[in-house]
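The values are calculated or read from the model by the stated rules, or taken from the named source; none is laboratory data. None of these values were measured; they are calculated from a predicted model. As a convention, Cβ positions derive from the backbone with ideal geometry for all residues, glycine included, and neighbour counts pool all protein chains shown. SASA here: full protein model, heavy atoms, side chains in, ligands and nucleic acids out. Shrake-Rupley method; radii C 1.70, N 1.55, O 1.52, S 1.80 Å.
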Amino acid sequence: MGEQLILAVETSCDETSAAVLRGTRELLGHVILSQDVHALYGGVVPEIASRQHLAAIDDVVAGTLREAGVELGDIDIVAATAGPGLIGALLVGVTYAKSLAWSLAKPFVAVHHMEAHLFAAELEHAGAHPPFVGLLVSGGHTLLLWVPEWGRYELLGETRDDAAGESFDKVAKILGLGYPGGPVIQKIAAEGDPNAFAFPRPMLARNQAPGDDDYYTFSFSGLKTSVLTRVRELQANGTLEARRADVAASFQAAVVDVLTSKLIRAVREKECPRVVLGGGVAASRALRDSIAANLAPDGELFAPSIRLATDNAAMIARAAAYHFAKGDVAGLDVTARADLPFPGLVRRGVASAC
Ligand code: KG4
Ligand code: ZN
(Lines give C-alpha, C1' and ligand atoms only; values in the text may rest on other atoms or scores of the structure.)
(Ligands and ions follow the chains in the order given, each with its own letter.)
Protein backbone atom coordinates (compact mmCIF):
# COMPACT_ATOMS: atom_id res chain seq x y z
CA MET A 1 0.00 0.00 0.00
CA GLY A 2 1.02 3.58 -0.46
CA GLU A 3 2.90 2.94 -3.67
CA GLN A 4 -0.14 2.19 -5.79
CA LEU A 5 -0.52 3.98 -9.12
CA ILE A 6 -3.69 5.97 -9.63
CA LEU A 7 -4.86 7.24 -13.00
CA ALA A 8 -7.41 10.04 -12.60
CA VAL A 9 -9.38 12.07 -15.12
CA GLU A 10 -11.15 15.41 -14.69
CA THR A 11 -13.78 16.67 -17.17
CA SER A 12 -16.27 18.59 -15.02
CA CYS A 13 -16.05 21.91 -16.84
CA ASP A 14 -13.71 23.20 -19.55
CA GLU A 15 -10.42 21.48 -18.74
CA THR A 16 -9.69 17.97 -20.00
CA SER A 17 -7.08 16.64 -17.60
CA ALA A 18 -5.44 13.37 -16.55
CA ALA A 19 -2.87 12.53 -13.89
CA VAL A 20 -0.85 9.56 -12.69
CA LEU A 21 -0.11 9.67 -8.96
CA ARG A 22 2.13 7.22 -7.11
CA GLY A 23 1.08 6.79 -3.47
CA THR A 24 -0.39 10.03 -2.16
CA ARG A 25 2.07 12.73 -3.22
CA GLU A 26 4.26 11.67 -6.11
CA LEU A 27 2.86 13.14 -9.32
CA LEU A 28 4.41 11.17 -12.19
CA GLY A 29 2.42 12.60 -15.08
CA HIS A 30 -0.10 15.42 -15.43
CA VAL A 31 -1.69 16.93 -18.53
CA ILE A 32 -4.24 19.78 -18.51
CA LEU A 33 -5.86 20.80 -21.78
CA SER A 34 -7.85 24.04 -21.50
CA GLN A 35 -10.66 24.55 -23.96
CA ASP A 36 -9.91 28.06 -25.18
CA VAL A 37 -12.88 28.02 -27.56
CA HIS A 38 -15.26 29.19 -24.79
CA ALA A 39 -13.55 32.60 -24.77
CA LEU A 40 -15.36 33.26 -28.05
CA TYR A 41 -18.70 33.07 -26.26
CA GLY A 42 -17.77 34.82 -23.01
CA GLY A 43 -18.44 31.68 -20.95
CA VAL A 44 -18.49 27.89 -21.04
CA VAL A 45 -20.91 26.42 -23.60
CA PRO A 46 -21.85 22.99 -22.14
CA GLU A 47 -22.47 21.19 -25.43
CA ILE A 48 -19.15 22.34 -26.86
CA ALA A 49 -17.37 21.36 -23.63
CA SER A 50 -18.73 17.78 -23.82
CA ARG A 51 -17.72 17.38 -27.46
CA GLN A 52 -14.22 18.68 -26.83
CA HIS A 53 -13.72 16.38 -23.83
CA LEU A 54 -14.78 13.46 -26.00
CA ALA A 55 -12.38 14.43 -28.76
CA ALA A 56 -9.43 14.99 -26.41
CA ILE A 57 -9.66 12.50 -23.56
CA ASP A 58 -7.89 9.60 -25.24
CA ASP A 59 -4.89 11.73 -26.23
CA VAL A 60 -4.76 13.47 -22.84
CA VAL A 61 -4.65 10.11 -21.05
CA ALA A 62 -2.08 8.69 -23.47
CA GLY A 63 0.10 11.79 -23.04
CA THR A 64 -0.14 11.53 -19.25
CA LEU A 65 0.88 7.86 -19.23
CA ARG A 66 3.80 8.67 -21.54
CA GLU A 67 4.95 11.51 -19.30
CA ALA A 68 4.67 9.23 -16.26
CA GLY A 69 6.64 6.51 -18.03
CA VAL A 70 4.02 3.87 -17.25
CA GLU A 71 1.61 1.75 -19.22
CA LEU A 72 -2.09 1.17 -18.74
CA GLY A 73 -1.32 -2.29 -17.38
CA ASP A 74 0.68 -0.72 -14.51
CA ILE A 75 -2.31 1.26 -13.20
CA ASP A 76 -3.84 -0.02 -9.94
CA ILE A 77 -6.80 2.34 -9.52
CA VAL A 78 -8.82 4.44 -11.97
CA ALA A 79 -10.62 7.58 -10.75
CA ALA A 80 -12.78 10.34 -12.20
CA THR A 81 -14.66 13.45 -11.10
CA ALA A 82 -18.27 12.32 -10.71
CA GLY A 83 -19.66 15.80 -9.86
CA PRO A 84 -20.57 18.52 -9.33
CA GLY A 85 -20.22 20.08 -12.78
CA LEU A 86 -21.71 20.09 -16.26
CA ILE A 87 -23.52 16.78 -16.67
CA GLY A 88 -22.51 16.13 -20.29
CA ALA A 89 -18.89 16.99 -19.52
CA LEU A 90 -18.81 14.85 -16.37
CA LEU A 91 -20.30 11.88 -18.24
CA VAL A 92 -17.38 11.80 -20.67
CA GLY A 93 -14.81 11.40 -17.89
CA VAL A 94 -16.86 9.04 -15.73
CA THR A 95 -17.81 6.77 -18.62
CA TYR A 96 -14.24 6.73 -19.93
CA ALA A 97 -12.77 5.94 -16.49
CA LYS A 98 -15.35 3.29 -15.62
CA SER A 99 -14.82 1.53 -18.95
CA LEU A 100 -11.07 1.62 -18.41
CA ALA A 101 -11.39 0.26 -14.86
CA TRP A 102 -13.65 -2.51 -16.10
CA SER A 103 -11.36 -3.49 -18.97
CA LEU A 104 -8.30 -3.51 -16.66
CA ALA A 105 -10.24 -5.28 -13.89
CA LYS A 106 -9.17 -2.53 -11.45
CA PRO A 107 -11.19 -0.57 -8.87
CA PHE A 108 -12.95 2.65 -9.85
CA VAL A 109 -13.10 5.60 -7.44
CA ALA A 110 -15.65 8.40 -7.94
CA VAL A 111 -14.43 11.79 -6.70
CA HIS A 112 -16.27 14.94 -5.63
CA HIS A 113 -14.74 17.89 -7.48
CA MET A 114 -14.85 20.38 -4.56
CA GLU A 115 -13.46 17.93 -2.02
CA ALA A 116 -10.61 17.37 -4.47
CA HIS A 117 -9.91 21.14 -4.63
CA LEU A 118 -9.32 20.92 -0.87
CA PHE A 119 -6.65 18.23 -1.39
CA ALA A 120 -4.73 20.18 -4.06
CA ALA A 121 -2.50 22.20 -1.71
CA GLU A 122 -1.36 19.03 0.03
CA LEU A 123 0.29 17.77 -3.17
CA GLU A 124 2.80 20.63 -2.88
CA HIS A 125 2.85 21.44 0.85
CA ALA A 126 3.30 18.57 3.28
CA GLY A 127 1.80 20.68 6.08
CA ALA A 128 -1.53 21.27 4.29
CA HIS A 129 -3.43 18.64 6.23
CA PRO A 130 -6.19 18.93 8.87
CA PRO A 131 -6.98 20.51 11.16
CA PHE A 132 -7.48 23.68 9.13
CA VAL A 133 -9.99 26.26 7.98
CA GLY A 134 -10.64 25.70 4.28
CA LEU A 135 -11.73 28.29 1.75
CA LEU A 136 -12.88 26.88 -1.59
CA VAL A 137 -13.41 29.57 -4.19
CA SER A 138 -14.13 28.47 -7.74
CA GLY A 139 -16.29 29.40 -10.71
CA GLY A 140 -19.30 27.57 -9.30
CA HIS A 141 -18.80 27.42 -5.53
CA THR A 142 -17.75 29.49 -2.52
CA LEU A 143 -17.40 27.32 0.59
CA LEU A 144 -15.94 28.18 3.97
CA LEU A 145 -15.20 24.96 5.85
CA TRP A 146 -13.85 23.78 9.16
CA VAL A 147 -11.86 20.59 8.55
CA PRO A 148 -10.87 18.75 11.76
CA GLU A 149 -9.77 15.72 9.73
CA TRP A 150 -10.01 14.53 6.11
CA GLY A 151 -13.53 13.32 5.41
CA ARG A 152 -15.22 15.56 8.03
CA TYR A 153 -16.24 18.97 6.78
CA GLU A 154 -18.27 21.50 8.71
CA LEU A 155 -19.90 23.95 6.34
CA LEU A 156 -19.52 27.36 7.98
CA GLY A 157 -20.71 29.43 5.05
CA GLU A 158 -21.46 29.46 1.34
CA THR A 159 -22.75 31.96 -1.19
CA ARG A 160 -26.42 32.75 -1.47
CA ASP A 161 -26.07 33.80 -5.12
CA ASP A 162 -22.98 34.08 -7.37
CA ALA A 163 -19.77 32.23 -6.60
CA ALA A 164 -16.59 34.28 -6.09
CA GLY A 165 -15.08 33.16 -9.41
CA GLU A 166 -18.38 33.73 -11.18
CA SER A 167 -18.33 37.36 -10.01
CA PHE A 168 -14.86 37.78 -11.56
CA ASP A 169 -16.18 36.26 -14.80
CA LYS A 170 -19.29 38.49 -14.87
CA VAL A 171 -17.38 41.67 -14.08
CA ALA A 172 -14.80 40.84 -16.76
CA LYS A 173 -17.67 40.51 -19.23
CA ILE A 174 -19.11 43.86 -18.11
CA LEU A 175 -15.68 45.43 -18.65
CA GLY A 176 -15.32 43.72 -22.03
CA LEU A 177 -12.29 41.72 -20.92
CA GLY A 178 -13.25 38.20 -22.00
CA TYR A 179 -13.34 34.82 -20.26
CA PRO A 180 -12.16 33.57 -17.78
CA GLY A 181 -12.35 36.77 -15.79
CA GLY A 182 -10.02 36.20 -12.84
CA PRO A 183 -6.66 36.28 -14.63
CA VAL A 184 -7.52 39.31 -16.84
CA ILE A 185 -8.96 41.28 -13.94
CA GLN A 186 -5.86 40.54 -11.89
CA LYS A 187 -3.68 41.74 -14.77
CA ILE A 188 -5.35 45.06 -15.39
CA ALA A 189 -6.07 45.66 -11.67
CA ALA A 190 -2.31 45.90 -11.21
CA GLU A 191 -2.46 49.24 -13.05
CA GLY A 192 -5.47 50.54 -11.13
CA ASP A 193 -6.24 52.07 -7.74
CA PRO A 194 -8.08 49.65 -5.41
CA ASN A 195 -9.52 52.62 -3.51
CA ALA A 196 -10.78 54.50 -6.57
CA PHE A 197 -14.37 53.28 -6.16
CA ALA A 198 -15.99 52.32 -2.86
CA PHE A 199 -17.82 49.18 -3.98
CA PRO A 200 -19.95 47.43 -1.35
CA ARG A 201 -18.58 44.63 0.87
CA PRO A 202 -21.68 42.39 0.86
CA MET A 203 -22.65 40.56 4.06
CA LEU A 204 -19.94 42.21 6.14
CA ALA A 205 -21.55 45.20 7.85
CA ARG A 206 -24.45 43.28 9.35
CA ASN A 207 -24.20 39.78 10.81
CA GLN A 208 -21.20 40.59 12.93
CA ALA A 209 -21.70 38.26 15.88
CA PRO A 210 -20.56 34.62 15.68
CA GLY A 211 -24.08 33.30 16.38
CA ASP A 212 -25.70 35.31 13.56
CA ASP A 213 -27.19 33.25 10.75
CA ASP A 214 -25.23 34.99 8.04
CA TYR A 215 -21.97 35.48 9.94
CA TYR A 216 -20.22 33.34 7.34
CA THR A 217 -22.59 33.77 4.37
CA PHE A 218 -21.28 35.26 1.12
CA SER A 219 -23.12 37.17 -1.59
CA PHE A 220 -21.57 38.60 -4.73
CA SER A 221 -24.42 39.46 -7.05
CA GLY A 222 -25.10 42.89 -5.46
CA LEU A 223 -21.44 43.79 -5.87
CA LYS A 224 -21.59 42.84 -9.54
CA THR A 225 -24.70 45.00 -10.02
CA SER A 226 -22.95 47.89 -8.32
CA VAL A 227 -20.00 47.52 -10.74
CA LEU A 228 -22.43 47.38 -13.68
CA THR A 229 -24.14 50.61 -12.57
CA ARG A 230 -20.79 52.37 -12.21
CA VAL A 231 -19.55 51.10 -15.59
CA ARG A 232 -22.72 52.44 -17.29
CA GLU A 233 -22.11 55.86 -15.74
CA LEU A 234 -18.49 55.85 -16.91
CA GLN A 235 -19.59 54.72 -20.36
CA ALA A 236 -22.18 57.52 -20.52
CA ASN A 237 -19.62 60.21 -19.73
CA GLY A 238 -16.97 58.67 -21.97
CA THR A 239 -14.41 57.87 -19.24
CA LEU A 240 -14.68 54.08 -19.06
CA GLU A 241 -11.51 53.49 -21.06
CA ALA A 242 -9.47 55.66 -18.69
CA ARG A 243 -11.01 54.15 -15.53
CA ARG A 244 -11.20 50.47 -16.46
CA ALA A 245 -8.15 49.49 -14.40
CA ASP A 246 -9.53 51.42 -11.40
CA VAL A 247 -12.86 49.58 -11.64
CA ALA A 248 -11.07 46.22 -11.87
CA ALA A 249 -8.79 47.01 -8.94
CA SER A 250 -11.63 48.32 -6.76
CA PHE A 251 -13.84 45.32 -7.57
CA GLN A 252 -11.04 42.87 -6.85
CA ALA A 253 -10.33 44.63 -3.54
CA ALA A 254 -13.99 44.30 -2.51
CA VAL A 255 -14.09 40.53 -3.20
CA VAL A 256 -10.76 39.97 -1.48
CA ASP A 257 -11.89 42.01 1.52
CA VAL A 258 -15.06 39.97 2.00
CA LEU A 259 -13.35 36.60 1.52
CA THR A 260 -10.51 37.51 3.87
CA SER A 261 -12.78 38.94 6.58
CA LYS A 262 -15.07 35.91 6.70
CA LEU A 263 -12.11 33.55 6.65
CA ILE A 264 -10.47 35.37 9.56
CA ARG A 265 -13.76 35.17 11.49
CA ALA A 266 -13.58 31.39 11.14
CA VAL A 267 -9.91 31.29 12.14
CA ARG A 268 -10.81 33.19 15.33
CA GLU A 269 -13.87 31.11 16.18
CA LYS A 270 -12.06 27.83 15.60
CA GLU A 271 -8.90 29.15 17.24
CA CYS A 272 -6.96 27.66 14.37
CA PRO A 273 -4.69 29.92 12.30
CA ARG A 274 -4.07 27.21 9.68
CA VAL A 275 -5.72 27.92 6.33
CA VAL A 276 -5.95 25.87 3.14
CA LEU A 277 -7.10 27.58 -0.05
CA GLY A 278 -8.51 25.82 -3.09
CA GLY A 279 -10.32 26.49 -6.37
CA GLY A 280 -9.52 28.78 -9.29
CA VAL A 281 -9.79 32.01 -7.29
CA ALA A 282 -7.04 30.68 -5.01
CA ALA A 283 -4.79 31.69 -7.92
CA SER A 284 -5.50 35.33 -7.04
CA ARG A 285 -2.35 37.05 -5.83
CA ALA A 286 -4.40 39.78 -4.12
CA LEU A 287 -6.35 37.15 -2.19
CA ARG A 288 -3.26 35.23 -1.10
CA ASP A 289 -1.44 38.40 -0.03
CA SER A 290 -4.44 39.66 1.92
CA ILE A 291 -4.96 36.37 3.77
CA ALA A 292 -1.26 35.99 4.50
CA ALA A 293 -1.07 39.54 5.87
CA ASN A 294 -4.10 38.94 8.11
CA LEU A 295 -2.82 35.59 9.40
CA ALA A 296 0.63 36.90 10.26
CA PRO A 297 2.71 36.50 12.33
CA ASP A 298 1.97 32.97 13.54
CA GLY A 299 -0.61 31.73 11.04
CA GLU A 300 0.03 29.39 8.15
CA LEU A 301 -1.47 29.72 4.68
CA PHE A 302 -1.29 26.79 2.29
CA ALA A 303 -2.26 27.67 -1.26
CA PRO A 304 -1.74 25.51 -4.34
CA SER A 305 0.28 26.81 -7.26
CA ILE A 306 -1.84 28.25 -10.08
CA ARG A 307 -1.69 25.00 -12.03
CA LEU A 308 -3.14 23.04 -9.11
CA ALA A 309 -5.56 25.80 -8.00
CA THR A 310 -7.58 25.73 -11.21
CA ASP A 311 -9.19 22.54 -12.48
CA ASN A 312 -6.80 19.61 -12.78
CA ALA A 313 -6.71 15.83 -12.45
CA ALA A 314 -3.82 15.71 -9.93
CA MET A 315 -6.17 16.80 -7.15
CA ILE A 316 -8.70 14.19 -8.28
CA ALA A 317 -6.02 11.50 -7.99
CA ARG A 318 -5.04 12.75 -4.51
CA ALA A 319 -8.65 12.69 -3.28
CA ALA A 320 -9.08 9.24 -4.84
CA ALA A 321 -6.05 7.95 -2.92
CA TYR A 322 -7.70 9.07 0.31
CA HIS A 323 -11.04 7.45 -0.56
CA PHE A 324 -9.48 4.23 -1.80
CA ALA A 325 -7.56 3.87 1.48
CA LYS A 326 -10.90 4.16 3.30
CA GLY A 327 -12.42 1.49 1.08
CA ASP A 328 -14.65 3.86 -0.89
CA VAL A 329 -14.59 1.98 -4.18
CA ALA A 330 -17.49 2.74 -6.50
CA GLY A 331 -19.49 0.11 -8.33
CA LEU A 332 -19.73 0.39 -12.09
CA ASP A 333 -23.34 1.50 -11.63
CA VAL A 334 -22.14 4.82 -10.19
CA THR A 335 -22.82 7.67 -12.57
CA ALA A 336 -22.09 11.38 -12.92
CA ARG A 337 -24.28 13.84 -11.04
CA ALA A 338 -24.36 17.56 -11.72
CA ASP A 339 -25.35 18.19 -8.09
CA LEU A 340 -23.33 15.49 -6.33
CA PRO A 341 -23.45 16.15 -2.57
CA PHE A 342 -20.16 16.92 -0.80
CA PRO A 343 -19.19 13.71 1.08
CA GLY A 344 -18.84 14.14 4.83
CA LEU A 345 -20.29 17.66 4.86
CA VAL A 346 -22.28 18.65 7.95
CA ARG A 347 -24.02 21.95 8.54
CA ARG A 348 -22.79 23.02 11.99
CA GLY A 349 -21.48 21.85 15.31
CA VAL A 350 -18.07 20.25 14.83
CA ALA A 351 -15.78 20.98 17.78
CA SER A 352 -12.60 22.89 17.10
CA ALA A 353 -9.33 21.12 17.81
CA CYS A 354 -6.27 22.74 16.39
O1 KG4 B 1 -11.69 25.84 -9.95
P2 KG4 B 1 -11.85 26.41 -11.32
O3 KG4 B 1 -10.73 26.24 -12.31
O4 KG4 B 1 -13.14 25.85 -12.01
C5 KG4 B 1 -14.30 25.57 -11.30
O6 KG4 B 1 -14.37 24.53 -10.61
O7 KG4 B 1 -15.20 26.45 -11.38
O8 KG4 B 1 -12.17 27.96 -11.11
C9 KG4 B 1 -12.35 28.82 -12.19
C10 KG4 B 1 -12.61 30.22 -11.67
C11 KG4 B 1 -13.05 31.18 -12.75
O12 KG4 B 1 -14.21 31.83 -12.31
C13 KG4 B 1 -11.88 32.16 -12.86
O14 KG4 B 1 -12.26 33.47 -13.23
C15 KG4 B 1 -11.31 32.12 -11.47
O16 KG4 B 1 -11.41 30.77 -11.10
N17 KG4 B 1 -9.91 32.58 -11.40
C18 KG4 B 1 -9.51 33.67 -10.73
C19 KG4 B 1 -8.12 33.81 -10.98
N20 KG4 B 1 -7.73 32.78 -11.78
C21 KG4 B 1 -8.84 32.03 -12.02
N22 KG4 B 1 -10.19 34.56 -9.99
C23 KG4 B 1 -9.51 35.59 -9.46
N24 KG4 B 1 -8.18 35.81 -9.66
C25 KG4 B 1 -7.45 34.94 -10.40
N26 KG4 B 1 -6.15 35.17 -10.59
ZN1 ZN C 1 -12.95 23.48 -9.98
How far is helix 46-68 tilted off the main Cα axis of the chain, in degrees rounded to 10, range 0 to 90?
60 degrees
Considering every pair of different Cα atoms, what Kirkwood radius, in Å, is found for the stretch 126-303?
16.5 Å
For Phe218, what residues show an amide H to amide H distance below 5 Å, using hydrogens built from the backbone and excluding near sequence neighbours?
Glu158, Thr159, Arg160
Give the residue from Pro200, Ala309, Gly85 lying farthest towards the positive end of the charge dipole for the chain; charges sit on Cβ (+1 for Lys and Arg, -1 for Asp and Glu) and the dipole is referred to the Cα centre.
Pro200
How about the chain: what cysteines have no other cysteine beta carbon under 4.7 Å from their own?
Cys13
Whole-Hz ³J(HN,Hα) from phi, Karplus 6.51 cos²θ - 1.76 cosθ + 1.60, for the stretch 135-142, glycine and proline x:
10, 9, 10, 10, x, x, 9, 9
By the C-alpha gyration tensor axes a ≥ b ≥ c (rounded if a/c is under 1.5, else prolate when a/b exceeds b/c, else oblate), the shape of the chain is oblate
The chain, accessible surface, carbon-and-sulfur percent (1.4 angstrom probe)
52 percent
Which order do peptides 232-242, 159-169 fall in by mean Cβ count within 10 Å, highest first?
159-169, 232-242
Going down the table (Lys224/Lys270; Lys98/Lys170; Lys170/Lys262), which pairs top 26 Å between alpha carbons?
Lys224/Lys270; Lys98/Lys170
Considering only Gly331, Gly63, Thr217, whose Cα is most displaced toward the positive end of the charge dipole of the chain, charges sitting on Cβ of Lys, Arg (+1) and Asp, Glu (-1)?
Thr217
Quick check on the chain: of the DSSP beta bridges with both residues there, what percent are antiparallel, nearest 5%?
60 percent
What ranking do 53-63, 131-141 get when scored by the average of other Cβ atoms within 10 Å per residue, highest first?
131-141, 53-63
What whole number of Å gives the distance from the Cα centroid of the stretch 112-177 to the Cα centroid of the stretch 10-64?
20 Å
Given H placed 1.01 Å from N in the peptide plane, which residues other than close sequence neighbours of Gly299 have an amide H under 5 Å from its amide H?
none
What does the C-alpha gyration tensor say about the overall shape of the stretch 307-349? Classify as rounded when a/c is under 1.5, otherwise prolate if a/b is larger than b/c, or oblate.
rounded
Under the Karplus relation with 6.51, -1.76 and 1.60 and θ = phi - 60°, whole-Hz ³J(HN,Hα) for the stretch 30-42, x at Gly and Pro, equal 7, 10, 10, 10, 8, 8, 5, 3, 5, 4, 4, 10, x
Output ³J(HN,Hα) for the stretch 258-271: one whole-Hz value per residue in order, computed from phi by the Karplus curve 6.51 cos²θ - 1.76 cosθ + 1.60 with θ = phi - 60°, and x for Gly and Pro.
5, 4, 5, 4, 5, 5, 5, 4, 5, 4, 5, 4, 8, 6
Can you list residues from other chains, or at least 5 along the same chain, whose modelled amide H is less than 5 Å from the amide H of Val109?
Val78, Ala79, Ala80, Ala330
Place a +1 charge on the Cβ of each Lys and Arg in the chain and a -1 charge on the Cβ of each Asp and Glu, then give the dipole magnitude about the Cα centre in debye, rounded to the nearest 20.
620 debye
Sum of -39500 (n - 2.57) over DSSP H runs of 4+, divided by residues of the chain (222 nm, nearest 500):
-13000 deg cm²/dmol
